[in-house]
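Encoded as C-alpha cells, the structure appears first; notes follow it.
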Amino acid sequence: IPAITMTGGFSSEDHVFKALAFGNQNITAVGLCRAAMTAAMTGKNIGDRIKNGDIPKNMRKYGDTVDELFYDLADLRSIYGKEASNFSLGAVGVFSFLNKIDFGVKHFAALNRKFDISYLDRSDLIPLTSDAKDLIKGKWFD
C-alpha cells in the first residue's frame, strides 16, 4: 500500500486523530497547512508586539517577555542550544502548535488504550448517524 496523506481543513488534534483512525492504518500523514500558517503568523505578530512593548491584554497574565510567552522555546533550546534564541518567533509558533497536536493525538490514542498511533483504526471512532456508521464499516467503498 502506498503512503497516503490526508489534508484539507484539519486544524486540531481531534481532527488528526479521526483522520488517522478513519484511515485504518493506511494514512501515513495528515496535513495541517492553513493551521500551521496561522500559528506562524500569530507567533510573528506576538513577537513584534513584545518588541514594541504592546503585549495583548489577554496575554499579560502569562508574562511580557519572549521566554514567558513562548514557553516551547525552552524545548527548542534543549534541542538546538543557544542558537534557538535566534529562531524566528513565527517558527517557534509553528513548533508550539505542532507540539500541541502531537500531545493531543497521543492523549486521545492513550484514552483508547492504543499507546502507539500505528494501532489506530476505525474501531476507535463512534458514529453519531447511520450514514457515519455505514461509512466507518466501509459500505460506501464497495
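Cross-linked pairs 57/82; 44/82; 61/114; 18/44; 44/114; 57/106: Cα-Cα separations exceed 28 Å for 57/82; 61/114; 18/44; 44/114; 57/106.
Taking the helices alone, the chain has a mean residue ellipticity at 222 nm of -16000 deg cm²/dmol, built from -39,500 (n - 2.57) per DSSP H run of at least 4 residues and averaged over all its residues.
Pairs of Cα atoms nearer than 8 Å and 6+ residues apart set the relative contact order; for the chain it is 29 percent. In plain terms, the C-alpha convex hull of the range 13-59 casts an average shadow of 4.2 nm² when viewed from every direction. Largest first, the extents of the alpha carbon coordinates of the range 45-84 on the three principal axes equal 31, 18, 12 Å.
Over the range 43-142, accessible surface divided per residue gives 72 Å², non-protein components excluded, 1.4 Å probe.
Rounded to the nearest 20, the Cβ-based charge dipole of the range 18-102 about its Cα centre (Lys and Arg +1, Asp and Glu -1) stands at 260 debye. Computed over protein heavy atoms with a 1.4 Å probe, the carbon and sulfur contribution to the accessible area of the chain reaches 57%. Seen from a random direction on average, the alpha-carbon convex hull of the chain projects onto 11.1 square nanometres. Rounded to the nearest 20 debye, the dipole magnitude of the range 21-65 is 140 debye, with +1 charges on Lys and Arg beta carbons, -1 on Asp and Glu beta carbons, and the Cα centre as origin.
The values are calculated or read from the model by the stated rules, or taken from the named source; none is laboratory data. Remember, it's a predicted structure, so these values are computed and weren't measured experimentally. All Cβ positions, even for glycine, are placed from backbone atoms using ideal geometry, and neighbour counts span all protein chains on display. Side chains included, ligands, DNA and RNA excluded: accessible areas come from the protein's heavy atoms. Shrake-Rupley method; radii C 1.70, N 1.55, O 1.52, S 1.80 Å.
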